[in-house]
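Read through the structure below, which is laid out as structure tokens, and then see the notes.
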Amino acid sequence: RVLFRSVRQSAAFHASRAPSLGKQTGPAIHFLLSDRVPEVKAAAITSLAALGSPELLSNQELLSLIDDPNPLVSATAVSVALSRGDPSFSLPLRRALPRLVTQLQNPKAATRATVISALGQYGSAAAPTVPPLTTVAKSDPVAEVRVQAAVALMRIGTPAAKQTARETFTEFASSKNAALKAISDGYLASTEIPVSR
């Protein structure tokens with residue numbers, strides 16, 4: 001079962017890398033929206049959105065997925081809805097915001113990271129989430145989640161959010177993890193606060 005789940009998840013994820021085949025792969029990926037495994041469902045949402053064809057993932061389906069009881073699926077749908085910028089999503093997205101905040105301590109790091117990414121996409125509308133995101137940026141046990149929280153804080157953009165983000169990026173600017181170091185260096189280079197090492 002685990003093998004089949006990972007095959008479905010991988011297929012959903014990789015389908016978006018060949019948008020020219022969207023007409024052929026889209027219906028099969030769309031079928032995965034009803035998969036019982038949240039990771040597969042979330043990968044299908046991401047791929048269908050990346051294929052860029054609204055008929056493969058309608059606004060009505062997206063509205064339903066925003067309300068999905070699984071936080072990974074819901075946060076993924078929220079991110080896609082925010083990227084569409086459609087005013088019809090305003091109320092459901094406002095309702096989803098406090099529900100997402102409750103998942104910042106989710107036991108699964110991948111779910112926390114997806115939720116944090118969605119919160120960052122709200123921009124200044126997510127200003128009330130700065131205190132809990134600050135806690136994540138300072139103390140989450142997973143380094144990648146802490147950096148994701150710093151990115152979200154930068155996107156939210158309040159002075160307090162930016163300050164915490166800079167502190168987190170400064171900490172990871174000397175990381176041995178090349179990806180985290182690159183992200184941190186990139187954000188620090190775009191600010192006017194000098195990096196102290």
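For the peptides 64-77, 83-96, residues were scored by their other Cβ atoms within 10 Å and the scores averaged per peptide; the highest-first order is 64-77, 83-96. Of the solvent-accessible surface of the stretch 115-183, computed with a 1.4 Å probe and all protein chains present, 58% belongs to carbon and sulfur. Remark: the stretch 106-166 carries 39 Å² of accessible area per residue (probe radius 1.4 Å; ligands, DNA and RNA excluded).
For the stretch 91-197, relative contact order (Cα pairs under 8 Å, six or more residues apart, normalised by length) works out to 20 percent. Can you give the accessible area of residue 190 in Å² (nearest 10), computed on protein heavy atoms with a 1.4 Å probe? In the full protein context, residue 190 sits at about 90 Å².
The values are calculated or read from the model by the stated rules, or taken from the named source; none is laboratory data. Owing to the predicted nature of the structure, the values given are computational and were not obtained by experimental measurement. Methodologically, a virtual Cβ is constructed for each residue, glycine included, from the backbone with ideal geometry; neighbour enumeration extends over all protein chains shown. Note: areas computed on protein heavy atoms with side chains; ligands, DNA, RNA excluded. Shrake-Rupley method; radii C 1.70, N 1.55, O 1.52, S 1.80 Å.
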